[in-house]
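To start, the structure itself, in structure tokens.
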Amino acid sequence: MSNILSYGFYFPHFHVEEKILSPRYGRKGKRIVSYVDEDIITLSFEAVENCFSKIKNSKAEVDAILFATTSSVFHNRYHASFLADLLNLPKEIHALDFASTPRAGTDALIYANQMINAGIYKKILIVASDIHFPPIGEEPRNSFGHSAVAFILGNEGGVAEITSTNSFSSSIAEEFIYKNEKITYDPRYSRDAGFKHNTKSALEKIKVNAGDYDAVILNSLYAKLAGGIFFKAGFSEEQFAKDTVTSNYGYTSVCHALLQLIFSLEKKNILLFDYFNGTNIITIRVQSTPSSSERVGVRLESEGISYHDYLTLRKAGNFNSLKYDTKEMFSSEMMQEREKDTLQYLKGLKCDSCGTIYYLKSTRCKKCKCEKFTDVQLATTGTVYTLTSEHYFPTSFPPINMLVIDLDNGGRITVQQTDTMYPENNKIEIGSKVKLVLRKMMENDEKPNYFWKAIALRITN
Amino acid sequence: MKEIAIIGVGVTKFGELFHQSYDDLVRDAAMQAVNDAQISLDDIGAAWLSTAFPEIGVFKGRSGMDLSEPLSLYNIPVTRVSNFCASGADAIRNAVNALRAGECDVAMALGVEKLRDRQPQDSIVKMMVEYGHPFLQKGFTAAGTFAVYANRMMKEFGVTREDISEVSVKNHFHGSMNDKAFYQKPCSLDEVMKSQMVADPLTVLDSCPTTDGAACVILVRAEDVDKKKHHPIFIKGVGLSVSTGWDLPFFNPNHDFLSFEATRVAAKNAYKQAGISNPIDEIDLVEVHDCFSIVELLTYEDLGLCKQGEAKDLIRGKETQLGGKIPVNVSGGLLSCGHPVGATGIRMVVEVANHLRGNAGARQVKNAKTGMTHNIGGPGAIASVIILGT
């Protein structure tokens, strides 16, 4: 059986409170929303970095990357391939996208498990990410939250062992898009003929023993109904894992079941039930329970935003400022490709003579004129050497802070600060510690165009 | 080296000159200089045209022909010079060298820029937003690339926001005496500090405006000066240095953001040629490239007018104001005159020449014998220093 070697996740820095979206209902809870320069690619990148930061395995060992989303930014192009390149994974990697339903996340996990069990691959990276906004005005009825989640599956010991996987297809969908139109079946029909029938037959077929599990994750629009069905099958309510993801982050679609799995890893034996247009059931035996500090990895103290700023965020990619309309910004695929080692992978040059580390290529060392350099990998953390805030560069949330950063272990880079919707909450000064994160650079969002920006460093692990 | 003399100067009104085209500005400055030198256009043996940004202006100034056509000055070598804000000074440097080499007997250096036919955000800001490398430095405007120096200076040397803004107050006071300046209104410290923030800590009044304008000088070898006709001003030293690149300042871990190496090198060379060892005592006035007020402050140190870290004392002691120990930017500087990029360096030389000739009017520096101009271009990459004497 395959093993979960590591996992990671990423939530954007901002949230909108339920009570702002639906003040009449007085609900508690938050929905995480991505910033203007984030998309499923950048969210996934951060989740994967978080995943790799927990283990010693290098990216070079990954054989395949499976990417799940229901909110594609590309058509006719694999997100998995694009992400593999951004992450500097091996060129000969097997890259696949899983799409069309929120169940695609657990489908990717099942497929990876089978590939490893079959001995085809040794290490597989599974990534899922979704960014959905419901139509304006429909927020109270449609929970949403933006996130990404990543797993590395391998054939040797790790955090948890995947003990079984089952998938049961159903042709009946509750709500779906057909030719860009949203279609909803009669809810009684989709619930009874679809969900109930499919779930019951799945449970009958795999004959689970209720007593084997101390956590049962029921990820479904019909979680309560699913509880009833599982109850009849011999499970007790104490076994059902509480869905803390929806209340803290919103409904994260393709990530939802996988996030709940991560948040249940303090249990021993987990049954993960994921229904959407069919049923996936995955059983997991946790081997080494990670400490809670490990699980709460990425910063959680997100900033709440106003409804007006929520509306501005929804224009993501359309960054017209009050003073200036951004037109097509110069962008060159060729330049990005040939300068990838520098721009994307942060490879620097160290002078063989005086040891000065340069981010940008040069023929001679500015300090000692030596012509010999050795490649070095630059760090993604550093200290602000000097800075300014640009009030006239067009952006949805001015000003843009420009930071000149001395990277830990050498090298200097100058980038924008990001997540600065509320500059007063993101005060940064000379000497502040910062971290580089990958974000979209293109103001008009006409082409995928990612580069490093900096965020104020918070305690992460 | 043969001594070179300026025998004719001309400068147009600087400002938002909707009624004058690029060609009109060329004609205006050139004919002032030609008439001042009392020569005919056909006496000119070679010319240099300085325009820094044809593509964000009116697409004129891409080559020497854009000087020839408005002046009907054909069949001589004309070269377009482009070296960011040092373009004008570089045009003069090239003219000086051609005269010394004997390529011609009379040389013209003319700088012109036409930026205000477009909205300000359509020229300089647009250049930073839409052109250039898609990632490196993206987010900076010109103001920001100097504001990072200001913040480091404030941290290291105890320079205050008031010190920086006092430069603007001083230059706007000087500008109120210059009828060719874009802005001729003095302003208070409070007005500078409370004007709209551009790039922290630099406000709108700490920044020079994009501007239309032109300036021109006619140069000859000193031996060819006609003492009956001309009131010559001599070029004592010319230094120009490219000391870093467009991106390097922001990616070089050894750069301290406290000094422009280019200025130091250019000044050192110019001082050597002019035999100057103690500039603050030997020079009577300086035109400094105050594109943003912090740059003037920082340049006091780079030009050796004071020790590093002491620029704030010069401004606090009003030593650089008209009547002080070494008046700086008595023209009003770029902050008041505006900054038609290709013209600025030549405008400064004309300003200093007028003081040395004793005909600078209300803002005349008394008994001025030696003057200096300074430009810094790109992100502190290219500097020029010219020393003029009687």
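The values are calculated or read from the model by the stated rules, or taken from the named source; none is laboratory data. Given the structure is predicted, the values throughout are model-derived calculations rather than measurements. FYI the Cβ positions are ideal-geometry reconstructions off the backbone, even for glycines, and counts take in every protein chain you see. Protein only, heavy atoms only, side chains kept; ligands, DNA and RNA dropped before computing areas. Shrake-Rupley method; radii C 1.70, N 1.55, O 1.52, S 1.80 Å.
Worth pointing out:
- Subset of the stretch B:241-264 (residues that are open to solvent by 40 Å² or more (accessible area, probe 1.4 Å) and closer than 27 Å to A:LYS350 by Cβ): B:VAL242, B:TRP246, B:LEU248, B:ASN254, B:ASP256, B:GLU261
- Test: residue in the stretch B:161-176 that is in contact with a helix residue (DSSP H, G or I) (Cβ under 9 Å, 6 or more places away or on another chain), more than 14 Å from every other protein chain (Cβ to nearest Cβ) and without any contact (Cβ under 8 Å) to a residue 40 or more places away in the chain: yes
- Residue count, the stretch A:399-433 (criterion: open to solvent by less than 10 Å² (accessible area, probe 1.4 Å), at the interface with chain B (Cβ under 7 Å from one of its Cβ atoms) and assigned to a loop (DSSP other than H, G, I, E, B)): 1
- Residue within the stretch A:70-85 that is in a loop (DSSP other than H, G, I, E, B), touching a Leu at 6+ places or on another chain (Cβ under 8 Å) and either without any contact (Cβ under 8 Å) to a residue 60 or more places away in the chain or open to solvent by 40 Å² or more (accessible area, probe 1.4 Å) (or both) present: yes
- Candidate set: the stretch A:335-383, residues that are part of a helix (DSSP H, G or I) and within 11 Å of chain B (Cβ to nearest Cβ); chosen: the one nearest to A:ASN449 (Cα to Cα): A:GLN336
- Any hit, the stretch A:435-442, residues being at pLDDT 95 or above and either at the interface with chain B (Cβ under 10 Å from one of its Cβ atoms) or surrounded by fewer than 20 Cβ atoms within 10 Å (Cβ to Cβ) (or both): no
Yes/no matrix, rows are residues, columns are (1) open to solvent by 20 Å² or more (accessible area, probe 1.4 Å); (2) part of a strand (DSSP E or B); (3) β-branched (Val, Ile, Thr); (4) within 21 Å of A:LYS56 (Cβ to Cβ):
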site: A:GLY145; (1), (2), (3), (4): no, no, no, no
site: A:ILE152; (1), (2), (3), (4): no, yes, yes, yes
site: A:GLU156; (1), (2), (3), (4): yes, no, no, yes
site: A:GLU161; (1), (2), (3), (4): yes, yes, no, yes
site: A:SER167; (1), (2), (3), (4): yes, yes, no, no
site: A:ALA173; (1), (2), (3), (4): no, no, no, no
site: A:ILE183; (1), (2), (3), (4): yes, yes, yes, no
site: A:SER190; (1), (2), (3), (4): no, no, no, no
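- None of A:PHE195, A:PHE273, A:PHE235, A:PHE231 is surrounded by 14 or more Cβ atoms within 10 Å (Cβ to Cβ), in contact with a helix residue (DSSP H, G or I) (Cβ under 9 Å, 6 or more places away or on another chain) and assigned to a loop (DSSP other than H, G, I, E, B) except A:PHE235.
- Condition check for A:PHE451: within 23 Å of the chain's Cα centre (by Cα) and within 12 Å of chain B (Cβ to nearest Cβ): yes
- Residue, nearest to the other protein chains (Cβ to nearest Cβ), within the stretch B:261-292, restricted to residues that are touching a strand residue (DSSP E or B) at 6+ places or on another chain (Cβ under 7 Å) and closer than 21 Å to B:MET128 by Cα: B:PHE292
- Checking A:TYR25, A:TYR121 one by one, the residue that is in contact (Cβ under 8 Å) with a residue 40 or more places away in the chain, out of contact with any strand residue (DSSP E or B) (no Cβ under 8 Å at 6 or more places or on another chain) and farther than 28 Å from A:SER396 by Cα is A:TYR25 and no other.
- Members of the stretch A:386-407 that are within 27 Å of the chain's Cα centre (by Cα) and among the hydrophobic types (A, V, I, L, M, F, W, C): A:PHE397, A:ILE400, A:MET402, A:LEU403, A:ILE405, A:LEU407
- Condition broken by B:CYS187, with the remaining ones in (1) part of a loop (DSSP other than H, G, I, E, B); (2) without any contact (Cβ under 8 Å) to a residue 60 or more places away in the chain; (3) open to solvent by 30 Å² or more (accessible area, probe 1.4 Å) satisfied: (3)
- Candidates B:SER195, B:SER243, filtered to the one that is in contact with an Asp or Glu (Cβ under 9 Å, 6 or more places away or on another chain), over 25 Å from B:HIS255 (Cα atoms) and within 14 Å of another protein chain (Cβ to nearest Cβ): B:SER195
- Qualifying residue in the stretch B:107-121 (condition: within 14 Å of chain A (Cβ to nearest Cβ), out of contact with any Ser or Thr (no Cβ under 6 Å at 6 or more places or on another chain), in contact (Cβ under 8 Å) with a residue 12 or more places away in the chain and not in a helix (DSSP H, G or I)): yes
- The stretch A:314-343: number of residues that are within 22 Å of the chain's Cα centre (by Cα), of a type in the set (A, V, I, L, M) and modelled with pLDDT under 85: 1
- Which listed residue is open to solvent by 10 Å² or more (accessible area, probe 1.4 Å), within 19 Å of B:THR263 (Cβ to Cβ) and assigned to a helix (DSSP H, G or I), from B:LEU356, B:LEU334, B:LEU314: B:LEU314
- Of the criteria (1) open to solvent by less than 30 Å² (accessible area, probe 1.4 Å); (2) at pLDDT 95 or above; (3) in a loop (DSSP other than H, G, I, E, B), which one A:GLU46 fails: (3)
- When residues in the stretch B:45-69 are screened for being among the β-branched types (Val, Ile, Thr) and surrounded by fewer than 23 Cβ atoms within 10 Å (Cβ to Cβ), 2 of them pass.
- Criterion: of a type outside the set (Phe, Trp, Tyr), at pLDDT 95 or above and part of a loop (DSSP other than H, G, I, E, B) - qualifying residue of B:GLU103, B:GLU156: B:GLU103
- Subset tally (residues that are more than 18 Å from B:ALA142 (Cβ to Cβ), touching a residue at least 40 places away in the same chain (Cβ under 8 Å) and assigned to a loop (DSSP other than H, G, I, E, B)) for the stretch B:227-250: 5
- Residues that are without any contact (Cβ under 8 Å) to a residue 40 or more places away in the chain and either assigned to a helix (DSSP H, G or I) or more than 14 Å from chain A (Cβ to nearest Cβ) (or both), drawn from the stretch B:123-152: B:VAL125, B:MET128, B:VAL129, B:GLU130
- Matching residues in the stretch B:292-302 - criterion: being closer than 13 Å to B:GLU261 by Cβ and either aliphatic (A, V, I, L, M) or touching a His at 6+ places or on another chain (Cβ under 8 Å) (or both): B:LEU298, B:THR299
- Here B:LYS155 clears all of (1) open to solvent by less than 50 Å² (accessible area, probe 1.4 Å); (2) free of Cβ contacts under 8 Å to residues at least 12 places away in the same chain except the condition numbered (1).
- Out of B:LYS227, B:LYS272, sole residue that is modelled with pLDDT under 95 and over 19 Å from the mean Cα position of the chain (by Cα): B:LYS227
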